[in-house]
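One structure is given below, encoded as structure tokens.
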Amino acid sequence: MRRATPALILLAALAACSPDADTANSVVADNGILAAGPETAISNVGEADLPAGLAELVEATVPGMTIAEAERKEREGRIYYDVEGTRPDGSEVEIDVLAGADGKLTAVEVQRDIDWANVPAQVRAAVAAKRDAFTPERVIESRQVEGGETIFELFAPGKPKEPAMEVRWQNGKAEVLGERWAH
């Protein structure tokens with residue numbers, strides 16, 4: 001019978017003590033900071049070029065909304081129309097509409113900017129519990145049209161292009177997401 005060399009024993013001991021790749025990645029992701037988002041192609045869309053039925057869907061989603069502008073966004077094989085405007089009370093609102101491959105339009109999110117102080121306390125506490133917590137300079141409240149949850153998109157100071165952290169809020173529970181929300 002062959003004897004194990006001390007080097008092999010040391011190697012086996014180190015391997016047994018090392019976290020596996022999944023555990024190591026979850027520890028890194030547990031800081032709450034999201035990886036860079038996917039590449040997104042953005043183009044402005046004039047009122048005359050809006051897809052058929054989009055204005056009617058906007059009206060059904062936020063009654064009385066006045067459309068100010070729209071953008072077409074393409075990312076990860078999906079096409080969205082971000083429609084910005086105002087509610088009858090003058091407050092700003094955005095509706096994100098998903099265009100299906102069959103041409104069907106579906107409102108997926110209704111968004112508005114809010115102050116960090118107006119975010120539910122449980123959401124603020126979940127963020128504060130993360131190792132890389134920060135006070136956001138911008139917060140977008142994204143109410144999901146289906147499912148009822150709200151996603152809070154938190155923008156880190158000096159990083160206005162995409163959210164650095166997202167928190168799912170539903171039924172009084174807050175969850176800092178490890179991956180970007182689909183919409």
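When only residues in segment 159-183 that are acidic (D, E) and not in a loop (DSSP other than H, G, I, E, B) count, which is nearest to G32 (Cα to Cα)? Of everything passing the filter in segment 159-183, E166 is nearest to G32 (Cα to Cα).
Looking at the structure I just gave you, is E56 of a type in the set (D, E, K, R) and modelled with pLDDT of 95 or more? So E56 passes the test. Here V123 meets each of (1) exposed (fewer than 14 other Cβ atoms within 10 Å of the Cβ); (2) under 30 Å from K173 (Cβ atoms); (3) in contact (Cβ under 8 Å) with a residue 24 or more places away in the chain with one exception, condition (1).
The values are calculated or read from the model by the stated rules, or taken from the named source; none is laboratory data. Since this is a predicted model, take the numbers as computed values, not measurements. Glycine gets a Cβ as well: all are built from the backbone with ideal geometry, and neighbour counts include every protein chain shown.
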